[in-house]
Every structure is written in C-alpha cells, then in structure tokens.
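Here the structure is laid out as structure tokens; the discussion comes afterwards.
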Amino acid sequence: MASGNANTELATSYAALILADEGIEITSDKIIALTTAANVEVEPIWASLLAKALEGKNVKEILLNVSAAPSSGVPATGGGGGAAAVAAEAPKEEAKKTEEEAEESDDDDVGIGFGLFD
C-alpha cells in the first residue's frame with residue numbers, strides 16, 4: 001500500500017471486512033471513505049485493486065474457509081465463529097508445539113555429554 005505501510009494494508013483489509021460484515025458492496029470509494037474516517041491515508045489504486053480482487057466473492061465465506069484449511073491444524077467450525085475460533089485456537093496450538101519442541105530438545109541432551117559431531 002502507500003509506501004508499504006502495514007497499518008495501511010490492515011486498514012484497507014479491515015475496511016473491506018467492515019463492509020462485508022454489514023452486507024454492503026465492497027467498492028474502492030467505500031474503502032477510501034472508511035480509511036479516511038480512520039485517519040489512514042490510502043492511495044486510490046490500492047483500494048481499487050482490493051475492491052476488484054474481492055468483487056463477486058463472499059468475504060465471510062472466505063474467512064470461514066480459512067478456518068477449515070487442513071494446514072491450519074484447527075478444526076473447521078460449523079457456525080459463525082470461524083475467525084474467532086481460529087484466533088482462539090492459534091495460541092493453544094503454538095504453545096503445544098513449543099512445549100513438544102522443548103521436550104524433544106531435552107531428550108537429545110540426556111546424559112551423553114557430547115554432540116553428534118564431537
């Protein structure tokens with residue numbers, strides 16, 4: 001987006017999500033209006049490209065499908081809690097992975113006193 005600013009990218013994404021949540025058609029003008037109201041400067045070309053990319057797509061359905069992606073490690077939710085379920089489950093999955101990695105690294109160092117190439 002404008003000079004690669006992550007806040008600008010987030011603002012346009014959030015604007016599109018707000019519009020989708022309200023059932024309003026996602027257009028570049030509406031994205032610009034929402035980002036302007038949030039005091040975030042967005043170049044019109046980026047708003048236009050985002051609106052074009054989302055044209056004719058059900059943004060809510062896309063979010064629910066993200067939660068059902070096999071690589072996410074999070075089971076798909078049937079109802080409206082897709083994004084919220086992913087957000088709630090992600091820290092648990094990361095904590096579990098970190099704990100498993102710590103256990104594995106502890107097992108590697110048990111009582112040997114030297115490494116593989118020593």
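The values are calculated or read from the model by the stated rules, or taken from the named source; none is laboratory data. Just so we're clear, the structure is a prediction, and the values are computed from it rather than from any experiment. Cβ coordinates were reconstructed from backbone atoms using ideal geometry, including for glycine residues, and neighbour counts include every protein chain displayed.
A compact table of results
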{"read-out": "Candidate set from region 37-58 (those that are part of a helix (DSSP H, G or I) and exposed (fewer than 14 other Cβ atoms within 10 Å of the Cβ)); member that is nearest to the chain's Cα centre (by Cα)", "value": "A53"}
{"read-out": "Any hit, region 19-27, residues being polar (S, T, N, Q), at pLDDT 90 or above, loosely packed, with under 11 Cβ neighbours inside 10 Å and part of a loop (DSSP other than H, G, I, E, B)", "value": "no"}
{"read-out": "So A33, is it crowded, with 18+ Cβ neighbours inside 10 Å and part of a helix (DSSP H, G or I)", "value": "no"}
